[in-house]
Each structure stands twice: as C-alpha cells, then as structure tokens.
Amino acid sequence: MHINENPLKDVKLFVLDMDGSVYLGDRPIEGAFDFIRRVEADPLRDYIFFTNNASRVPSVYVEKLGKMGLNVGEEKIVTAGDVTAHYLKEHYHGKRVYLNGTALLKENWKSRGIELVEDDPDVAVQSFDTSLTYDKLDRICRYVRKGVPFLATHMDINCPTEGGFMPDCGAMCALITSSTGVEPKYLGKPCRETVDMLEAVTGIEARDMAFVGDRIYTDVATGVKHGAKGFLVLTGESTMQTVEQSEVRPTAVFESLGEMAEFL
Ligand SMILES: [Mg+2]
C-alpha cells in the first residue's frame, strides 16, 4: 500500500470475493476473519460475500464458512445465480425459462417462483452446470438458434480447484456461441447488473461500495468500471506483475484482507 489517504475511509459496504480472498480451498486466509469481525463491529459499515460460482447456492457457503469458524446467515452471501434470478424477475417476469444449471440452482430458482421448462422457453440460460450433457447443450443451441434470448450467469472460463482448473460457464458458452453464432448476455462479475442488484438488495449506492478480491478482471473491474471502488488482494491469483500488465486500475492493492483490517 503506497498511498497517503485511507482508501477505506468512505466505504459503507465491502463486497468480498471468497476463494483466494477469504479462504483457499478449505483453509481460511490469515487475517481475513479478523477483517470481517472488525467490519461487523463498526456500526457504519457492512459486508457481503459475492461469488460468481453459480453451481452452488448460499446455504452451501454458509456451511463451508461455518466449518472454518465463521458463522454467517444466508443473506450475507450472493452468487451470480442470484444476480441472474434478479435480472430474470426484472426483465422476463413470469416468462418460461430454460436453464442449464445444477440441481441446487434449479431448486433455488423454483423456490423464487421462476418457471423452469424443458420445451418452448421464452429465455435460455447457461450456468456453471457440472451436470451438463450433450442433450442439454443440443437443447440450448436449438433455442438460441431460433432466436430465444440467451443469458449466462457469469463469464469465467475456468474454475480453480485444488486439483487444477475445471471448465466453467464461459467455456460452456463458447461452445454454444461456436454452434449458433450468438453471444450470451453475461451477468455476475464484472457486469453492471451485479452492482445494480447489490444496490437494490442492500440500499447502498455504488459509490459507497468497495469490491474486494484476488482477480483484477472480475472482482476489481466490477467496482472500478461501475462507480464503486475496487480493491485487489494478493492472496490468490494476482501478483504485482498482474497489476502492471492490467488495464484495470485497482483503487488500492493490499497484501491481504488482514492488511486491509489495519485501515479500519
Ligand atoms: Mg477469487
């Protein structure tokens, strides 16, 4: 950190990435929970977790964080799947939705009153579907080719795991685009709709939010491109070299959330 003014000064809501920022695999990153507890103790500030991983739902993260010793409610966790559900309610209210997603995501959307159909949809959505089959790909391609609006929960090409990368939603969309010539409308980080949705659910304006994470082109970009702040932490995928090579300029760079805690 090489700046004079405290960059955390006016932040009312910290939107925290999880993997690579709060934990790595099943292990909390040193100082991360300390940061969260300091924010919790500050009556003028709040935080929320945000992940692009729409293959899971908030209850899964509540359990994961709980096992690491951090007890939070489901309302503290938002995923790209939630942003997409919010977008569908705003723009395709009452419409028939075809979704390539996990059983968890399907169940979650049904419980919000979204009508999921297999045939004759009004809108087609690709997510990080770890149960994807050829039949599902064939179906979504047929709908998209016919002109059905095509949405995607997030644009990540690969999902990092302890054993290496897994093909993520963006890679699945690349196949659909290759077959149909149609690009999806992406949601999740770094898209504007993520900021809009968080403003709607928290009542906090973008200029009072800081997006915090280890990926400059998703976490940091969401903030700096849409009127919020973007803080990079160097506990995951990025290094100072990443910062030098990126056109996205973080508001500030910290070694970790633990270092950020010193500025609260
Ligand atoms: Mg991350």
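The values are calculated or read from the model by the stated rules, or taken from the named source; none is laboratory data. Since this is a predicted model, take the numbers as computed values, not measurements. Cβ: placed from backbone, ideal geometry, glycine included. Neighbour counts: every protein chain shown.
May I ask you to verify whether LEU88 is surrounded by 12 or more Cβ atoms within 10 Å (Cβ to Cβ) and at pLDDT 95 or above?
Yes: the conditions hold for LEU88.
Of THR222, THR242, all but one fail to be within 13 Å of the ligand (Cβ to nearest atom) and at pLDDT 95 or above; the exception is THR222.
Pairs linking a residue in the stretch 235-252 that is more than 28 Å from ARG27 (Cα to Cα) and in the same structural domain as TYR217 (by TED's automatic domain parsing) to a residue that is more than 14 Å from the ligand (Cβ to nearest atom) and at pLDDT below 95, with Cβ atoms under 9 Å and 6 or more positions apart or on different chains, do not occur. Going through (1) under 19 Å from VAL224 (Cα atoms); (2) within 16 Å of the ligand (Cβ to nearest atom); (3) touching a helix residue (DSSP H, G or I) at 6+ places or on another chain (Cβ under 7 Å) one by one, ALA80 falls short only on (3).
From the residues in the stretch 5-45 that are modelled with pLDDT under 95, surrounded by fewer than 17 Cβ atoms within 10 Å (Cβ to Cβ) and more than 16 Å from the ligand (Cβ to nearest atom), which one is nearest to ILE204 (Cα to Cα)? My answer is ASP10. Evaluating GLU237 against the criteria (1) within 16 Å of the ligand (Cβ to nearest atom); (2) more than 12 Å from the chain's Cα centre (by Cα); (3) at pLDDT 95 or above leaves one unmet condition, (3). Of all residues in the stretch 45-83, exactly one satisfies the criterion of being among the hydrophobic types (A, V, I, L, M, F, W, C), assigned to a loop (DSSP other than H, G, I, E, B) and within 17 Å of ALA152 (Cβ to Cβ), namely ALA54. Of all residues in the stretch 197-219, none satisfies being touching a Ser or Thr at 6+ places or on another chain (Cβ under 6 Å), at pLDDT 95 or above, away from the ligand (no atom under 13 Å from the Cβ) and not acidic (Asp, Glu).
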